[in-house]
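Before any comments, here is the structure.
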Amino acid sequence: MELRHLRYFVALAEELHFTRAAKRLGISQPPLSQQIRALEDELDTPLFERTRRRVALTEAGRMLLEEARATLAQAARAETVARRAGRGEIGELRVGLFASVPVLPVFQRTIIAFRQRLPSVTLTLEESPTRQQIEALRRRQLDAGFLRLPSAEALPADIAALEVAREELVVVMREDHPLAKRRGRLPVRALEGEPLIGFAPAIGTTLNDQLAALCNRAGFTPRIAQEARENSTLMGLVAAGLGIAVVPETLTRIQVGDVIRRRLDSPDATTATWLATPREHMTALAKVFLECVG
């Protein structure tokens with residue numbers, strides 16, 4: 001049984017007149033008669049009582065009419081859903097994000113614009129570090145992801161990325177720390193020998209690598225005295241006087257104790273936020289999400 005058969009059947013059942021039903025369907029009467037007869041043969045039961053004066057539904061026809069209408073309505077809904085999904089109007093968008101990205105205005109603007117444009121889409125946000133997001137994007141477990149990287153050069157070839165924000169790396173310390181007394185920007189070399197608080201390697205952040213690269217270019221190896229797993233933990237350890245830390249300027253919005261910041265005197269002391277997607281097979285919803293960046 002085909003949907004075409006059901007459409008013909010419903011038209012005739014509602015019109016109870018072959019000529020009017022054929023006109024409504026945009027076909028001639030003989031093909032309609034043939035399709036109805038084929039449907040009755042397939043079901044092995046008459047659906048209409050036909051006389052020269054009238055056409056009437058049999059009991060089987062009356063029972064089928066309700067089901068046929070429901071089937072056609074469901075088929076129409078399925079077609080609508082498929083078309084809307086293909087246009088990126090409905091469905092689910094899975095977006096990865098590192099812990100501090102919600103503080104960035106570009107993230108907030110993008111989410112708001114996307115929700116306003118496609119309110120029917122389920123937006124699933126999954127917090128995870130940059131390295132884990134990259135693997136999730138490659139495995140198609142994420143449709144898009146906000147990554148923190150100094151540049152996109154280290155990304156795999158199958159990941160595309162758009163830079164959406166760039167910020168300075170700053171040194172955070174207690175206000176009674178000796179470095180806090182220095183005026184102007186701090187040279188990276190001033191960090192040599194200082195107990196530094198970094199992120200635990202298991203987290204998968206790229207900030208540790210960037211800190212090591214900055215220090216190595218300045219001619220020394222950073223001394224990591226403490227490790228933290230959360231942004232607030234790191235800032236709290238700084239406030240407790242357990243060391244200093246080099247962090248994106250965004251994190252200084254976490255107000256903890258008597259912590260201040262000092263900028264670094266290095267053009268390389270910046271980090272960027274990227275919106276990444278699979279380079280191939282990007283979903284329609286991910287394309288819309290990229291269009292909402294602003």
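The values are calculated or read from the model by the stated rules, or taken from the named source; none is laboratory data. Predicted model only: the values in this text are computed from it and were never measured. Please note: Cβ atoms are built from the backbone with ideal geometry, for glycine as well, and neighbour counts cover all protein chains shown.
Can you go through 2, 59, 49, 67 and tell me which one is in contact with a Gly (Cβ under 9 Å, 6 or more places away or on another chain) and surrounded by fewer than 13 Cβ atoms within 10 Å (Cβ to Cβ)? Quick ask: steps written out before the conclusion?
Values: 2 fails: in contact with a Gly (Cβ under 9 Å, 6 or more places away or on another chain); 59 fails: in contact with a Gly (Cβ under 9 Å, 6 or more places away or on another chain); 67 fails: in contact with a Gly (Cβ under 9 Å, 6 or more places away or on another chain).
Answer to the selection: 49.
Quick check: anything in the range 244-255 over 21 Å from residue 163 (Cβ atoms), surrounded by 16 or more Cβ atoms within 10 Å (Cβ to Cβ) and modelled with pLDDT of 95 or more? Yes, the conditions are met somewhere in the range 244-255.
May I ask you to verify whether residue 161 is modelled with pLDDT of 95 or more, surrounded by 18 or more Cβ atoms within 10 Å (Cβ to Cβ) and under 27 Å from residue 255 (Cβ atoms)? It is false that residue 161 is modelled with pLDDT of 95 or more, surrounded by 18 or more Cβ atoms within 10 Å (Cβ to Cβ) and under 27 Å from residue 255 (Cβ atoms). Just one of the numbered conditions (1) in contact with a Ser or Thr (Cβ under 8 Å, 6 or more places away or on another chain); (2) crowded, with 19+ Cβ neighbours inside 10 Å is not true of residue 228: (1). Any chance the range 74-96 includes a residue that's over 30 Å from residue 161 (Cβ atoms), among the hydroxyl-bearing types (Ser, Thr, Tyr) and surrounded by 15 or more Cβ atoms within 10 Å (Cβ to Cβ)? No, every residue in the range 74-96 fails to be over 30 Å from residue 161 (Cβ atoms), among the hydroxyl-bearing types (Ser, Thr, Tyr) and surrounded by 15 or more Cβ atoms within 10 Å (Cβ to Cβ). Residue 145 - would you say it is among the small types (Gly, Ala, Ser) and crowded, with 19+ Cβ neighbours inside 10 Å? Against the criterion (among the small types (Gly, Ala, Ser) and crowded, with 19+ Cβ neighbours inside 10 Å), residue 145 qualifies.
Might you let me know whether the range 191-214 holds any residue that is of a type in the set (Val, Ile, Thr), touching a Pro at 6+ places or on another chain (Cβ under 9 Å), modelled with pLDDT under 95 and not in a loop (DSSP other than H, G, I, E, B)? For the range 191-214, residues of a type in the set (Val, Ile, Thr), touching a Pro at 6+ places or on another chain (Cβ under 9 Å), modelled with pLDDT under 95 and not in a loop (DSSP other than H, G, I, E, B): present. Condition check for residue 263 on (1) surrounded by fewer than 16 Cβ atoms within 10 Å (Cβ to Cβ); (2) modelled with pLDDT under 95: one failure, at (2). Using the structure shown, decide if residue 36 is in a loop (DSSP other than H, G, I, E, B) and among the β-branched types (Val, Ile, Thr). Against the criterion (in a loop (DSSP other than H, G, I, E, B) and among the β-branched types (Val, Ile, Thr)), residue 36 does not qualify.
For the range 266-276, a residue qualifies if it is crowded, with 17+ Cβ neighbours inside 10 Å and among the hydroxyl-bearing types (Ser, Thr, Tyr), and the qualifying residues are 266, 271, 273.
For the range 209-237, the tally of residues that are free of Cβ contacts under 8 Å to residues at least 12 places away in the same chain and either closer than 15 Å to residue 271 by Cα or assigned by TED's automatic domain parsing to the domain that holds residue 154 (or both) stands at 2.
Scanning the range 97-139 for residues that are β-branched (Val, Ile, Thr) and surrounded by fewer than 17 Cβ atoms within 10 Å (Cβ to Cβ) gives 103, 106, 112, 122, 124.
The requirement of being closer than 16 Å to residue 60 by Cα and either among the acidic types (Asp, Glu) or without any contact (Cβ under 8 Å) to a residue 12 or more places away in the chain (or both) is fulfilled somewhere in the range 12-25, by at least one residue.
For the range 151-180, filtering for residues that are assigned to a strand (DSSP E or B) and closer than 23 Å to residue 106 by Cα leaves 12. In the range 266-287, the residues that are on the phi > 0 side of the Ramachandran plot form Cβ pairs under 8 Å with partners that are surrounded by fewer than 16 Cβ atoms within 10 Å (Cβ to Cβ) and part of a loop (DSSP other than H, G, I, E, B), at six or more places apart or across chains, as follows: 281/140.
Among the listed residues 60, 68, 99, which satisfies the condition of being touching a residue at least 12 places away in the same chain (Cβ under 8 Å), of a type in the set (A, V, I, L, M, F, W, C) and part of a loop (DSSP other than H, G, I, E, B)?
Numbers: 60 fails: part of a loop (DSSP other than H, G, I, E, B); 68 fails: part of a loop (DSSP other than H, G, I, E, B).
Answer to the selection: 99.
Checking every residue in the range 107-120 against the condition of being at pLDDT below 95, in a loop (DSSP other than H, G, I, E, B) and basic (Lys, Arg) gives zero matches.
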